[in-house]
Amino acid sequence: MLKQWCGNCKAYLGRWIPEWARDVSPIRWPRHIFDMMMEPEDGDSRSALFVFILIAFFLMAGMFVVAIVAQLHGGKLGVFGDFFGGVLNPIFSFLTFVGLLITIVMQQKEIRDGKAAADKQGFETLFFQMVTIHNSIVNAMDLRTPNNPNELNSAKEYHGRDCFPRFYEHLQQEVRKARIRGSLDPIDEGYKEFWARDRKDLGHYFRYLYNMIRIVDESTADTRQYMKLLRAQLSDYELLILFYNGLNEKGQRFKPYIEKYAIFDNLPVELLIEPEDIGLYDGSATTDSISARKEVVRKFLETWKRQYIDSESRGLEGLDETVDEIVGDASQNGITRPELERMCKGGLRLWLAQAIKKASGE
């Protein structure tokens, strides 16, 4: 109640106080000068010191004027001088003490800033060393296909990042076999078979990448900046393999980091085994900003409504077909049904029903 009353009083007084006077107070302008000295915008404290010198000059000029006026009116300058000196000396002593305190504070700040800069430089050195080791692990990879006795020189070799498209082909083959066998979860079963086949080449790669991301996450540095640099190191097919690795029980520890740092921001969705697989992750995994992702979904809904509801005569009797149609179009644009449902707060079905009613004038 008191907080609300204070807020109302502040709002009421704000209407009557001129704009130029709102920042003028006995506390704000000294604090502003103090901040100018501690964290000067120009790199030094010349502006704040100039203000102090200006104030001292006006005080001296004022005292000089007072002394002349007192002399003209027959005042005793000796008494005035004793009073002035007795008051001014303690003030100067106090300002000297304040200056000493400011010097100590500034030294503490310099030490703290220097330590922070040293920590940042040390972490950057560690980070780029880890990136170098990661690239060396990738470059050390090699695959050889078996020789076909019916074809001359049919054996092929793959080195470095060229191995990952081949790894992805292996994964697709195993998922396809699992589907043919009638598996209830072909992606999980197919990945297990793929892992049993290629873990000797990928095990070290995933262990190092996971620990690298964990170290960055646990640091006090600007983690998102470094994650963007790390994300830029990953090729399209590395992202695809990592995508399905995070869905498997062996890669479950990866998934929270993937969604936290939008590792799949540049994921080629069209190369997924099935486009709707993108819905197996939270939307934050595929965009660097949740709000940006929501904007993508919102624009899709608006455009779809304008093209296929407002411009067509649709009835509620075909609502189920309309739902299937918009979900299919959304999937082609890399948008999942859960994302559509979240954007339509009352649910996708209700949103479509309301849009159809409004378009038909009901």
For region 121-258, which whole-number percentage of the solvent-accessible area (1.4 Å probe, protein heavy atoms only) is attributable to carbon and sulfur atoms? 48
Pop the C-beta distance of residue 324 and residue 250 into the FRET formula with R0 = 45 Å and round what comes out to the nearest 0.05. 0.80
Once you wrap a convex hull around the alpha carbon atoms of region 222-347, what is its projected area averaged over all directions, in nm²? 8.9
Probe 1.4 Å, all protein chains in place: accessible area of residue 204 in Å², nearest 10? 100
Which of rounded, prolate, oblate describes region 118-218, given a ≥ b ≥ c as roots of the alpha-carbon gyration tensor eigenvalues and a/c under 1.5 marking rounded, otherwise prolate only if a/b is larger than b/c? oblate
Going by accessible area, probe 1.4 Å, with all protein chains left in place, what is the ranking of 260, 200, largest first? 200, 260
From highest to lowest solvent-accessible area (probe 1.4 Å; ligands, DNA and RNA excluded), 65, 269 read 65, 269
Relative to the compact-globule estimate 2.2 N^0.38 Å (N residues), the Cα gyration radius of region 185-296 stands at a ratio of 1.06
Close lysine pairs (region 153-300; alpha-carbon distance under 18 Å; 8 or more apart or on separate chains) counted at 8
List, in order, the whole-Hz ³J(HN,Hα) value for each residue of region 341-355 obtained from phi through the Karplus relation with A = 6.51, B = -1.76, C = 1.60 and θ = phi - 60°; use x for Gly and Pro. 5, 5, 5, 8, 4, x, x, 4, 4, 5, 4, 5, 4, 5, 5
Give me the extension gain from residue 220 to residue 199: residue separation times 0.36 nm, minus the current Cα-Cα distance, reported in nm with one decimal. 4.3 nm
Per residue, accessible area of region 126-252 with a 1.4 Å probe, heavy atoms of protein chains only, in Å², comes to 55
For residue 266 and residue 303, FRET efficiency with R0 = 30 Å and r from the beta-carbon atoms, rounded to 0.05? 0.80
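The values are calculated or read from the model by the stated rules, or taken from the named source; none is laboratory data. Note that the coordinates shown come from a computational prediction; the quantities given were computed from them, not determined experimentally. Don't worry about glycine lacking a Cβ; one is built from the backbone with ideal geometry, like all the others, and counts go over all protein chains shown. Only protein heavy atoms, including side chains, enter the accessible area calculation; ligands, DNA and RNA are left aside. Shrake-Rupley method; radii C 1.70, N 1.55, O 1.52, S 1.80 Å.
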